[in-house]
Amino acid sequence: SCEEEDVEMTEDAFSVLTRIGLETSLRYAMQLISAASLVARRRKGGEVQVEDIKRVYSLFLDESRSTQYMREFQE
């Protein structure tokens, strides 16, 4: 979780991440924590915000969205 990864996160960002984790998987949510932390650091932010979560969510597909993308690509 955020404590294990040593990541500071706003309450709103944590809520969004929790919702994503419930809809996808815990493993995917954990990967987003790490990636969002890197995005926050690049913008010199002290903690992960909702925009950071949205950015990495748009960059890294979960299994369900990846499968859907492949189906659309094949058609």
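Just so it is clear, none of the values below were taken in a lab; they were calculated from the coordinates. Being a predicted model, the structure only gives us computed values, none of them experimental. A quick note on method: Cβ atoms are made from the backbone with ideal geometry, for glycine too, and the neighbour counts reach across all protein chains shown.
Using only Cα atoms, tell me the angle between helix 26-42 and the longest principal axis of the chain; keep it within 0 to 90° and round to the nearest 10. Compared with the principal axis, the helix lies near 60 degrees. Potential lengthening of the chain between Gln31 and Phe60 amounts to 9.5 nm, from the contour at 0.36 nm per residue minus the alpha-carbon distance.
Mind putting a number on the dipole of the chain about its Cα centre? Charges go on the C-beta only, +1 for Lys and Arg and -1 for Asp and Glu, and I need it in Debye to the nearest 20. Approximately 340 debye in magnitude. Please label the shape of segment 11-73 as rounded, prolate or oblate, based on the square roots a ≥ b ≥ c of the eigenvalues of the alpha-carbon gyration tensor (a/c under 1.5 means rounded; beyond that, a/b larger than b/c means prolate, else oblate). Judged from the Cα gyration tensor, segment 11-73 comes out prolate (a/c at least 1.5, a/b above b/c). Using C-alpha pairs under 8 Å with a sequence gap of at least 6, the mean separation divided by the residue count of segment 11-73 gives a relative contact order of 35 percent. Sites counted here are trypsin sites (Lys or Arg not before Pro) in a DSSP loop (not H, G, I, E or B) having no more than 14 other Cβ atoms within 10 Å; the longest part of the chain that contains none of them is 1-42. Taking amide hydrogens as placed 1.01 Å from N in the peptide plane, the amide H of Met9 sits under 5 Å from those of Val48, each at least 5 positions away in sequence or on another chain. If the segment from Thr18 to Arg42 were pulled out straight at 0.36 nm per residue, it would be longer than the present Cα-Cα gap by 6.3 nm.
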